[in-house]
């Protein structure tokens, strides 16, 4: 069970590492009216990295990062361990 939980945390971390910058770029592009600062996704990415550094893609998104990480750990860890640890719950875990 520990190995499943560790792998779930790792997968949650990877998904959060990918989702956080894309979410940041999306929010910046949505909030850019009335002046247009970014013309495309690539332009937004390069502009943010040039002006704020690579860490600018991860600013103020730690709550998203940790929620993805913990949700993934909980969901994947339970789906793997519950049917073996608690046979009565196996019917519930197969439909998740």
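Residue 26: within 29 Å of residue 75 (Cβ to Cβ), surrounded by fewer than 16 Cβ atoms within 10 Å (Cβ to Cβ) and modelled with pLDDT of 85 or more, yes or no? Judged against the criteria, residue 26 is a match. From 16, 44, 2, 31, grab the single residue that is modelled with pLDDT under 85 and either farther than 21 Å from residue 66 by Cβ or surrounded by 12 or more Cβ atoms within 10 Å (Cβ to Cβ) (or both). Sole residue among the options that is modelled with pLDDT under 85 and either farther than 21 Å from residue 66 by Cβ or surrounded by 12 or more Cβ atoms within 10 Å (Cβ to Cβ) (or both): 16.
Would you confirm, using the coordinates I've provided, whether residue 37 is at pLDDT 85 or above and surrounded by 12 or more Cβ atoms within 10 Å (Cβ to Cβ)? If you could, list the steps in order and put the result at the bottom.
Working: at pLDDT 85 or above: yes; surrounded by 12 or more Cβ atoms within 10 Å (Cβ to Cβ): yes.
For residue 37, the condition - at pLDDT 85 or above and surrounded by 12 or more Cβ atoms within 10 Å (Cβ to Cβ) - is met.
Residue 22 meets the stated requirement of being part of a helix (DSSP H, G or I) and within 24 Å of residue 67 (Cβ to Cβ).
The values are calculated or read from the model by the stated rules, or taken from the named source; none is laboratory data. For clarity, every value in this text was computed on a predicted model and none was experimentally measured. Backbone-built Cβ (ideal geometry, glycine too); neighbour counts: all protein chains shown.
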